[in-house]
Amino acid sequence: MNELIAVEPECCAATQLITLASVVGFHEGRFIAEYPRYWVKLAYKATNCVSDDMQRSLLNEAIAHIKETSLLSTQRIYDQNQTWRNNAFEGEKAGVFGKVLTDGDYPMSENIHRIFPKKWSSERGIVQRAPTVDFFLFLLNPLLISSGSLVLIDPYFKPLDAKTLPLFKAVLRVAFQARCKEFVAFVREKKWGWNQRQSYKLLIDKIGTSISPGKNVTIHVCDDRYPTDWEEEGMHTRFIFSEKGGINLDKGLQLRGKDFSYIDKTQHEELLREYVEGLPPFKIHYSLRL
């Protein structure tokens with residue numbers, strides 16, 4: 001899960017790049033490193049040597065798809081005095097990259113011309129791990145650094161709880177320092193015993209400094225009982241997701257639970273339809289906007 005692959009830019013002239021683009025991204029649990037930071041420019045440049053117009057067009061589409069769905073920035077320094085391969089191999093030894101793909105046979109790497117048709121199993125499966133703040137930040141990092149907005153579905157979310165507050169503040173810090181503009185949570189009304197004014201004051205006191213200027217945190221306090229069956233509640237499984245993808249959180253955004261996994265494309269699209277593109281599926285009693 002969260003495997004980061006360094007791809008030599010020259011690989012982007014290989015037909016196998018098209019297959020690679022289909023097995024990376026949030027729905028697969030593995031990503032392509034934006035290494036160096038101008039990797040996309042180098043990737044497009046590499047396709048200039050492809051003489052077949054149709055093939056070059058398909059490769060450029062694959063690069064665009066990777067850029068949109070799978071490319072993650074890395075803080076690793078790129079030494080301009082070294083070759084791409086030497087930089088990448090050092091990154092692999094340091095544990096930054098889980099795999100290095102090259103346009104040839106070299107030690108410490110895999111040749112992109114030989115990696116398919118070998119089946120790449122999905123990396124989005126369940127990870128079992130006792131949660132810490134550092135582990136959560138590793139788990140959520142692709143979402144936090146690449147998403148324009150984040151949505152949390154967690155009926156039991158209590159941001160001021162001792163098991164939640166340090167994690168929530170860390171998540172906001174990382175996300176808001178990247179490109180995220182908004183964090184939205186849907187919570188269950190009967191789990192919130194505070195009145196609206198008291199809730200707002202307590203939240204501002206505790207997390208106000210974690211909200212950067214121009215950023216927003218909104219908490220929707222909902223009644224998620226179904227009108228046809230008042231004993232049945234709609235929110236149970238806890239998710240955090242964005243326009244990019246999402247993660248199933250065992251016990252929600254708190255330092256409890258141990259099972260975590262990326263959601264598949266079908267479930268992701270359903271969450272977007274229900275909570276982002278249309279009206280929320282449940283009655284909202286009130287919203288706290290911080």
If unit charges are put on Cβ atoms (+1 for Lys and Arg, -1 for Asp and Glu) and the dipole of the range 127-289 is taken about its Cα centre, the option from F260, A185, N216 lying farthest towards the positive end turns out to be N216
Just L143, L202, L255 to compare: in a GNM of the chain, with alpha carbon springs under 10 Å, which one fluctuates most? L202
Here the relative contact order (percent) of the chain, from C-alpha pairs under 8 Å and at least 6 apart, is 19
Between E61 and D134, the FRET efficiency computed from the C-beta separation at R0 = 45 Å comes out, to the nearest 0.05, as 0.75
From the square roots a ≥ b ≥ c of the eigenvalues of the alpha-carbon gyration tensor of the range 1-81, which class results: rounded (a/c under 1.5), prolate (a/b over b/c), or oblate? oblate
Can you bin the range 127-289 into rounded, prolate or oblate? Criterion: square roots of the alpha carbon gyration tensor eigenvalues sorted a ≥ b ≥ c, rounded for a/c under 1.5, prolate for a/b above b/c, oblate for the rest. rounded
Long pairs among K45/K244; K67/K265; K67/K158, criterion Cα-Cα beyond 29 Å: K67/K158
DSSP bridge pairs, the chain: antiparallel proportion in percent, nearest 5: 50
Can you tell which of C222, C49, C180 shows the greatest fluctuation in a Gaussian network model of the chain with Cα springs below 10 Å? C49
What do you get for Rg/Rh over the range 241-290 if you use C-alpha atoms and the Kirkwood form of Rh? 1.02
Computed for the range 3-111: size of charge dipole around the Cα centre, +1 on C-beta of each Lys and Arg, -1 on C-beta of each Asp and Glu, debye to nearest 20, value 300
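All of the numbers you see were taken from the coordinates with simple rules; none came from a lab. Please read all numbers here as calculations on a predicted model, not as lab measurements. Backbone-built Cβ (ideal geometry, glycine too); neighbour counts: all protein chains shown.
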